[in-house]
1. What lysines sit close enough to Lys61 to cross-link, taking a C-alpha to C-alpha distance under 16 Å and skipping anything fewer than 8 places away on the same chain?
2. How big is the Kirkwood radius of region 17-95, worked out from every pair of different alpha carbons and given in Å to one decimal?
3. Can you list residues from other chains, or at least 5 along the same chain, whose modelled amide H is less than 5 Å from the amide H of Gly19?
4. Starting from the alpha-carbon convex hull of region 77-117, give the projected area averaged over all orientations, in nm².
5. Along the charge dipole of region 77-117, pointing to its positive end and built from +1/-1 on Cβ of Lys, Arg, Asp and Glu, which listed residue (Ala115, Ala79, Ala91) has its Cα farthest out?
Amino acid sequence: MPPRPSLDDSEISGSYLKGSGPGGQKINKTNSAVQLIHIPTNTVVKCQATRSQSQNRKIAKQILAQKVELLEKGDQSRAAIVTNVKKKRKASKIKKSKRKYRALEEEKRRKRIEAGLEEAGENEIDEVGEVEVEEQATSKSDVTFDKAENDGR
């Protein structure tokens, strides 16, 4: 991983603003929100994460540094690399979960076939182990017609 980005304080100008939103009177009356501007890139960040000016300034400075690095380095920035790693981990978890449930369904289907509960013509199992299901009537008129027959009309 690349090191965390940092900015020089001479490149940053900031101001304190009144906050808004949930938090009541304390947020709305005090200047706890921070707005930082990176002068060379003209990037603006506003932060109102906490009621403390110093904590908001620290958080805003970190966010501003990430944004500036993303503008300068693009896909090679730390934020982009971290995002890609998270996406890959999530995709891997989803793939593993799908594989697990597919195997469980296959096992259930095989047990039903062995027990004779399913007809061989209804579902056919390939050599690969995938299941092919015959198409069912999906049009609205077929479904309505079937309901009418079942109701005795």
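No lab work stands behind these numbers, since they all come straight from the coordinates. In this text the structure is predicted, and so the values were computed from the model without any measurement. No Cβ is skipped: glycine too gets one built from the backbone with ideal geometry, and neighbour counts run over all protein chains shown.
1. List returned: Lys46.
2. 14.5 Å
3. Those lying under 5 Å, H to H, from Gly19 are Thr30, Ser32, Ala33.
4. Numbers: hull surface 9.7 nm².
Hull-based average projected area comes out at 2.4 nm².
5. Positive-most Cα among the choices belongs to Ala79.
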